[in-house]
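Since every read-out is calculated from the coordinates, none of them should be taken as a lab result. All figures in this text were calculated on a predicted structure; none of them were measured in a lab. Counting neighbours? That spans all protein chains shown, and the Cβs are built from the backbone with ideal geometry, glycine included.
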Amino acid sequence: MGDPFSSSTLRVEQPRRGPFAKSRYKVLDGDGAVLAIAAPTDDQGSNAVMRGVFPGKSNLDARAVLLTTPDGDPLLIVDKLSGREYTEVLRPDGERVGSYVTERVGRRYVIYDDDGTLIGAIDVDVPRNNFEVKDGDGAKVAHVRKKWAGLATHLLTTADKYSVEIADPVGEPLRTMAVMTAIVMDMNLHEAKEIT
């Protein structure tokens with residue numbers, strides 16, 4: 001399979017389930033065809049030991065998701081460390097694609113490639129629903145928007161939906177990192193919905 005995320009318009013959606021069904025996503029193209037499915041994994045990433053002990057209790061928990069094709073072929077791993085400081089995207093063989101490092105929690109994140117070179121940044125609006133992805137020179141390369149689904153859906157389910165608009169052409173690895181921004185920001189900012 002070629003690049004499954006080559007479309008300039010993508011959607012990232014969580015299944016409509018109760019508040020404990022965390023870290024599950026579908027990546028779709030602009031026509032609604034499923035390109036990838038993401039589900040939690042206990043055996044990938046650098047923080048696997050504690051993952052699963054208290055899954056999904058807050059946005060601060062460590063967790064990882066494995067993205068696969070609809071046929072089950074592994075594509076990427078999004079590995080969020082404990083806290084909100086660092087999340088990395090890995091290939092199935094463990095090779096790092098890039099990382100997101102928090103500069104200002106909920107407001108600005110910087111993006112590095114596998115060698116640790118700064119390749120971009122994400123600016124976040126006040127309600128944390130719009131994420132502007134910029135390249136290393138500050139030019140906008142993508143806009144990720146969290147869609148409002150109503151109060152009950154927002155509070156009682158994990159059914160968040162994101163649109164991803166890529167301003168092509170965007171070179172790799174920034175393009176992959178821009179697409180993964182929806183999942184990374186959801187894991188960092190929008191997963192704690194339990195009423196506890």
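List the chymotrypsin sites (Phe, Trp or Tyr not before Pro) within the stretch 75-154 that fall in a DSSP loop (any state other than H, G, I, E or B) and whose Cβ has at most 13 other Cβ atoms within 10 Å.
Those that pass, being in a loop and sparsely packed, are Trp148.
Ser8 versus Thr69, label points 7 Å from Cα toward the beta carbon: distance in nm?
If labels sit at Ser8 and Thr69, their model points lie 2.6 nm apart.
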